[in-house]
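Novice: What follows is a single structure, and I will ask about it in a moment.
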Amino acid sequence: MVQAENIYKSFGKYEILKGVNLRVKKGSIVCILGESGSGKSTLLHILGTLDKPTFKKNKKTILKINGEDVFSISDKKLSTIRNEEIGFVFQTHQLLPEFTALENVCLPGFINKKINDKYHVKKRAKKLLNQLNLSEYENSKPEELSGGQKQRLSVARALINNPKVIFADEPSGNLDAKNAEKLHLIFFYLRKKFKQTFLIVTHNIQLADMADQKLKIEKGIIT
């Protein structure tokens, strides 16, 4: 599902990623652990095609998602893949303040060219909000929600298009233990039912121990 080879990233003279290699199988949940500043989020953004690596003249950098070489396709096709095949959950919620909770979840579905039925999108969005204990807030604006509620809302938005792979940056970092556990169980349910793939940056040891694969990034490489 995700294949990465020779992923480097430098900011000026500081090299934060020093040749990361990894493979994530379809339908697996993989957690990436590491200390603050180790490059976890930077790696996730590159793998999710939101950022580009630093290319080395003597190293061939490869990134494939579902067999597609993202460095050899057009920006238009890459944007389509982001919308239809990839879901993102960020540390910062990046919700649109002028829209309600329901509208925020629906937006990626409305943009998806493969889905012409807005009723179906709204129905799925309502189901996701219910699963994440947000049904009563579907008409609320993000500013009316707590930090944990905003995080769960961003998770619902990431799931709306049934993406093949979901990149999550500390998805349960702002949740209490009960809601964090419920969110984690939803991830495993989706993996089981739809064969969705999850690549998660986390400090949550409980989640990492449940994952199919636990990776640690240290000194710019995966150990």
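What follows draws every value from the coordinates through simple rules; no lab data is involved. Remember, it's a predicted structure, so these values are computed and weren't measured experimentally. Backbone-built Cβ (ideal geometry, glycine too); neighbour counts: all protein chains shown.
Novice: Highest mean first, how do 204-213, 41-50 rank when packing is the count of other Cβ atoms within 10 Å averaged over residues?
Specialist: The densest-packed peptide leads the list: 41-50, 204-213.
Novice: A 18 angstrom limit on the alpha carbon distance is what I want to check against. Which of LYS118/LYS182; LYS127/LYS193; LYS13/LYS219; LYS122/LYS164 exceed it?
Specialist: Listed pairs above 18 Å: LYS118/LYS182; LYS122/LYS164.
Novice: A follow-up question, please. For ILE217, ILE111, what ranking results if the residue with the fewest other Cβ atoms within 10 Å of its Cβ goes first?
Specialist: In order of increasing Cβ crowding within 10 Å: ILE111, ILE217.
Novice: Given only helices, namely DSSP H runs of n ≥ 4 each adding -39500 (n - 2.57), what is the per-residue ellipticity at 222 nm of the chain, to the nearest 500 deg cm²/dmol?
Specialist: -11000 deg cm²/dmol
Novice: Also, I was wondering about something else. How about LYS64: which aspartates and glutamates have a C-alpha closer than 13 Å to its C-alpha, ignoring those fewer than 8 places off in the same chain?
Specialist: Cross-link targets: GLU5, GLU85.
Novice: Under a straight-distance cross-link criterion of Cα-Cα below 16 Å, which aspartates and glutamates are reachable from LYS9, leaving out those fewer than 8 residues away in the same chain?
Specialist: Those aspartates and glutamates meeting the cut-off are ASP51, GLU218.
Novice: OK, next. Among 58-66, 123-131, what's the highest-first ranking by average C-beta atoms within 10 angstrom per residue?
Specialist: 123-131, 58-66
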